[in-house]
Structure formats: structure tokens, C-alpha cells
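Notes follow the structure.
The values are calculated or read from the model by the stated rules, or taken from the named source; none is laboratory data. Quick caveat, the model's predicted, so the values are computed rather than measured. SASA here: full protein model, heavy atoms, side chains in, ligands and nucleic acids out. Shrake-Rupley method; radii C 1.70, N 1.55, O 1.52, S 1.80 Å.
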Amino acid sequence: MKKVSLLALGAGFLASLAFTPEPVLAQDSTLEIVKNRGILRCQVGTPAPGFYALSDDGKWSGFDVENCRAVSAAIFGDPDKIEYQSVTSAVRFTAMANGESDMLSRTTTWTLFRDTQLGLDFTTVNFYDGQGFMVTNDLGVNSSMELAGATVCVLTGTTTELNLTDYSRTNNLDIQPVVFEDSNVRDSTFFSGGCDAITNDKSSLASTRAKAPDQSIFTILPETISKEPLGPVVRQNDSQWNDIVMWSLFAMINAEELGLNSGNVDEMKANSANPEVKRMLGVEGDLNKGLGLEPEWAYNIVKMVGNFAEIYEEHMGPKTVMNIPRAGSVNDLWTKGGLMYSPPFR
């Protein structure tokens, strides 16, 4: 696996910020390009716990990284034929539109503007989130409504920055944004007292807190001020590629619902009498044909990456530094009161 340098990418991206997004696909589809290249170029964020972490030996892991691995497993039968591209929020969409990346999987909010005016398509949601605020305990603040006149660290070029402005105006708080392009600089500034508070999606605030030397001195305030549906993104005008990325995520969600996991999928493939299990795992039918993949594409995802519960608990659950319980939340299965739902495999 190869980590693409943020600095190396940045120069090309910054030079093309004025570029009006146009479809980059010519004769070859994205699937053909990826197959011929022999590797998937998947865009993630700058290293952070939970969603996309980078180990000392250069290995990526995390909740959003698993979307990349699922697509790689579906295409190649190998979850690790990936070139990870680590980019900042400010240049992520340009990187997609100009063809640098095949897909984006990095805590990106689905909005009307982004879905219709950037030459991109949002596939589906892998994490339902909302924006909040984090403060140090000694600030003596228990609610975001007490942040009148406060300085707040925020990333530029994000829905977070826009939501902060709206929230301040709506509630007459006169919040003073302190904007950054790099999340690590933002976080270090907040940790050193350069801002009264920091704002982001609540899951990302948990990730930021996990990086602190002493997590106990920080509190995430109770209010949630926005809707932040997060999920993988592809370029427009390639419906087959959109379907591959979208149904790779659905495969993990549906596997959980059907009771399939990385440990039992071989036994279920051989012995299950459930027709949907048989169709999904390629034992019966030809659901793979429209995707242009091999019959065992979904089996490979479950076997090599896992079902949705497995990846959630490994990277986001109570036993991780993120400590975000899933049970009873909107990120639980629809059968358990949540919003996670896969269309039928039929």
C-alpha cells in the first residue's frame, strides 16, 4: 500500500482550484480504468483516530478506510489493492473532479449543492452524524448557547464552517470563527488554548479528543446543531461505478441483517437455505452482471472486510478510543430502530 503525500498532492490541487468540474471519463469506464491500473485510488482525510488512522509503518485503517477496502475486495478479490490519497477538506472535491481519485471516503456531508454542482454523486450514507462543540472543562460552559462572543476553531471549506455562521446568526451569539485548512493545525491550536471551543461533526470531535494527551479535560457539549449524513462519493456520469461503490456498502449492511459475518460466511455460503443469502453470495442468480463484477464480489467483501457491525465495533464502538455506542442510535440497523438499511439483494 502507498500513502500519497499531502504536500505532493497539494500543489497540483491548489493549482486547479479554479477548475470547473467536468466529467473526466472518456471511452473507458472507471471500473475499466481501475482494473487496467490494477489498483484503486481512494481518497481519505488527513490521519485521525476512528475514521482514517495511519500507523507508524504506513498502514491505513479506520471506519471510512473500510469502504475503500470493500470496493477493492469486490473488484480484485483483494481488499488491499489500494493507493490511499490523504487530502485536506479544502481540496477534496477538486481531487475527485479532476480524476486524481476514483472514490472519496472521508467524513463528507451529503448536501444538495455538493450533489448537483460539483460534478459528483453521493452514493449512500455510512454514518449519520451532527455538528457540535467541544470545550475545555475549565471554560465553565455547559451549553453551546453560552458561547456568545467566543472564538471557535473550524475547518474552512466545510459545511461545519457554514453551519457555525448560521448558528451564530440565528442565536445572536457573535461567535468569532478561527479558520484552518489543516485539521491537525486546528486541533493543536485548540489544545494550546488558541480558541475557546472547537466545532465539527460530533464523531470527529470524539476523534479530536482521542488525540489529546489528557482526554478528561474536554467536554463535548450536548447540542447537535445540524444534520450531517456522511458517505462515499464518486464522479457523476458513471452509473456502474456509482453502483459498485454504493452496493459494496450495502453488502456490509445487508450481511449484518442476514447474520453473515467474516467468521461464518463460508459456512453460510455452503449450507444456508435462505434465497437472499444465496443470491448475495453468488451461489444463485446473476446479480453481479450489472455491476461488471465476479459472482463472489459480495462474498469477498464479507469474508475479507466484514459486515457493518464488525467494522463499526472495530473502529467506532465502546471498546475503541472513539467510544461511540451504536445500540439504539440512528446508526443502528433499521430492524433495531436505526436508519441503516440496505435495499434487497434480488
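Among 284, 161, the sequence by solvent-accessible area, most first, with a 1.4 Å probe is 284, 161. Cut-off under 20 Å on the C-alpha distance; same-chain residues fewer than 8 positions from residue 35 excluded. Which aspartates and glutamates are left, in chain and number order? Straight-line reach from residue 35, under 20 Å: 66, 78, 80, 83, 100, 102, 238, 243, 294, 296. Counting only lysines at least 8 places from residue 211 when in the same chain, those with an alpha carbon closer than 23 Å to its own are 3, 59, 202, 319. Entry note, the chain: relative contact order of 21 percent, from Cα contacts under 8 Å with a spacing of 6+ residues.
Computed on protein heavy atoms with a 1.4 Å probe, the accessible areas place 169, 279, 41, 92 in the order 169, 41, 279, 92, largest first. For the set 59, 227, the ranking by accessible area, highest first and with no ligand, DNA or RNA atoms included, is 227, 59 under a 1.4 Å probe. Per-residue ellipticity at 222 nm, computed for the chain from helices alone with -39500 (n - 2.57) per DSSP H run of at least four residues, works out to -10000 deg cm²/dmol. Antiparallel beta bridges, as assigned by DSSP with both residues in the chain, represent about 50 percent of the total such bridges. Only protein heavy atoms count here; under a 1.4 Å probe, residue 40 has an accessible surface of about 0 Å². Counting only protein heavy atoms and a probe of 1.4 Å, the accessible surface of segment 85-199 is 48% carbon and sulfur. Dividing the convex hull volume of the alpha carbon atoms of segment 283-341 by its residue count gives 110 Å³ per residue. Against the chain, whose longest principal axis comes from its Cα atoms, helix 65-76 is set at around 20 degrees. So for segment 194-236, Kirkwood radius off the Cα pairs, Stokes-Einstein at 37 °C and 0.692 mPa s: how many µm² s⁻¹? Diffusion coefficient, whole number: 261 µm²/s. With respect to the chain, whose longest principal axis is taken over its alpha-carbon atoms, helix 6-15 is tilted by about 80°. Each 5 Å bin, from zero up to the one with the longest distance, holds this percent of the alpha carbon pairs of segment 140-279: 2, 8, 14, 15, 12, 9, 9, 9, 9, 6, 4, 2, 0. For the pair segment 219-253 / segment 113-175, the C-alpha centres are spaced 19 Å from each other. Exposure check, 1.4 Å probe, all protein chains in place: residue 94 carries approximately 20 Å² of accessible surface.
Note on segment 72-135: Cα-Cα pairs beyond 16 Å make up 59% of the total pair count.
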